[in-house]
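Read the figures in this text as sums done on the coordinates, not as results from a lab. Nothing here was measured: the structure is a model prediction, and the numbers come from that model. Backbone-built Cβ (ideal geometry, glycine too); neighbour counts: all protein chains shown.
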């Protein structure tokens, strides 16, 4: 059974699963595991790893419209180096501070490869699910796309400082909270814009038509992309930008609500009856395979 | 840095860490990682693994006097076999049902070795910490000790059915809730009674004197133990029984409160000024090393 089939099986077996985070009463909860080989390019500091791993879970809370209360992590490594462990805790604590959450530690484990499992918990009254988009809604993204793609290029070019800087993102918790009452469907872009659109389309039984020129592409992408095709690959397929992808019947109000939190939001197209297309061409349901994962 | 030093460093860096679970507002949260080689003997079913891994996190909530709201798990394995994954989910769901919590799934991850990272969250108003024991308090345990030790012997003797049965324990959430207002300090016995007593002694700046004859030893231990020394090893050092170890100035009331939930509680000795002794002899601060861990 491949991972997608297994996830589908789980979301059938467990009614709470299948969205960015599970909702139980007024709590939203989400968990993720990341590995050194597949998720952290050579040059990633443990501070960035802690930031990014915890940030990925906080982003799942944001995608539900939840606030972020706290996060924990298991830190598993072949050895516990004080400087590395302190750096991990510093990064995890800093990303929590960015979204008014508290990092409260977790567990240590001996393991052959540096691995971390993070969990974030928040409160939510009216969760925003993936299944409410309707034809005619505008589809929007927060922030800019391609930041992680540019970071990966920087790591590959041995510019670890720039790579680490691009890899430390701010989870869109404030934007997600501001969008409550303004969105019909939402998720985060952790698997890339293209896969997010396909997942929203499947959950909402609709389609999407976007325009390449409307995508807000991170300025760092322009410095690393070979050509326009490569620029689009970075913006739509590489993923792990942890921006919010959402639909809304009232884009002016939704964009204004996000901008009031200090984050940009951009209309990139609209929901249709079926199919996911960009400038009239089918947009493949394809992400990016990191490392050996 | 060894794991104990690293944990000490973390509890200094993170005020919320260092007890069985972290407390943030009215939430208690705890996370653990378990591995096939070190934590699950050959013969452990995936149902038992799911039960036990999630149960270990639920036990940490019990040790704070918290209720149990929900749990999540990352299931990491070389391949996703539908039968194994379903069994894991069944075990995780069943142990949650035992304590009125909801298992809401989590994440899947490809990994060389079967590994699971579990997180449990509950609500707590007046958390019970490890640091409140005072000389003269009675020290007590819930249930019976040595259940896991007996299970390990069963697995080693190729009696996987008995091993799996002994490995599926009920987390003491109801007992922990009932003990609020009756205890001065509490933790669970995941590292064994001896280490739990040393950890309570260190946190509370006191000592303990227990009597071997008072320990409630699981009947399965008598069937597998070679002699009295081995029986004591099983009851006090092997650990992972996930019972509650607590102190109380009023043992009659505390024991009655636990028994009202359908679980036994037994006074095994009392808190003293210093030192951890059993029948007058020093009780070593020693657990048990499982497998290659």
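When the Cα centres of segment A:162-203 and segment A:223-290 are compared, how far apart do they sit, in Å?
So the two Cα centres are separated by 9 Å.
Can you tell me how segment B:3-123 classifies by the Cα gyration tensor, rounded, prolate or oblate, using a/c under 1.5 as the rounded cut?
oblate
I'd like the antiparallel share, as a percent to the nearest 5, of DSSP beta bridges with both residues in segment B:3-123.
In segment B:3-123, DSSP labels about 75 percent of beta bridges as antiparallel.
Indicate the gyration tensor shape class of segment A:138-282 (rounded, prolate or oblate), computed on the Cα atoms with a ≥ b ≥ c the square roots of the eigenvalues: a/c under 1.5 is rounded; otherwise a/b larger than b/c is prolate and the rest oblate.
oblate
Over what distance in Å are the Cα centres of segment B:1-36 and segment A:76-104 separated?
12
Kindly state, to the nearest 0.05, the FRET efficiency for residue B:279 paired with residue B:123, given R0 = 41 Å and r defined as their beta-carbon distance.
0.50
Quote the relative contact order of segment A:137-293 in percent (integer), defining contacts as alpha-carbon pairs under 8 Å separated by 6+ residues.
42
One decimal, nm, shortest first: give the distances between the label point of residue A:26 and those of the same position in the other copies, each label point 7 Å from Cα along Cα→Cβ.
Those label-point separations list as 0.7 nm.
Tilt of helix B:82-98 relative to the longest C-alpha principal axis of chain B, in degrees (0 to 90, nearest 10)?
Its long axis makes an angle of about 30 degrees.
What share of the DSSP beta bridges in segment A:138-282 is antiparallel, in percent to the nearest 5?
In segment A:138-282, approximately 85 percent of DSSP beta bridges are antiparallel ones.
Please report, for residue B:211, the nm distances (one decimal) from its label point, 7 Å out from Cα along the beta-carbon direction, to the equivalent points in the remaining copies, shortest first.
Taking the point 7 Å beyond Cα along Cα→Cβ, the inter-copy spacings are 8.6 nm.
Restricting to the protein assembly as shown, compute how many DSSP beta bridges are antiparallel as a %, nearest 5.
So the antiparallel bridges amount to about 80 percent of the total.
Relative to the other copies, what are the label-point distances for residue A:2, with labels 7 Å from Cα along the C-beta vector, expressed in nm at one decimal and sorted shortest first?
Distances between equivalent label points, in nm: 4.7.
What number, rounded to the nearest 500 deg cm²/dmol, is the helix-based mean residue ellipticity at 222 nm of the protein assembly as shown, given -39500 (n - 2.57) per DSSP H run of at least four residues and division by all its residues?
That calculation yields -11000 deg cm²/dmol at 222 nm.
Set the Förster radius R0 to 30 Å, insert the Cβ-Cβ distance between residue B:211 and residue B:4 as r into 1/(1 + (r/R0)^6), and round the FRET efficiency to 0.05.
FRET efficiency, residue B:211 to residue B:4: 0.60.
Relative to the longest principal axis of chain A, what angle (0 to 90°, nearest 10) does the C-alpha long axis of helix A:46-62 take?
It works out to around 30 degrees.
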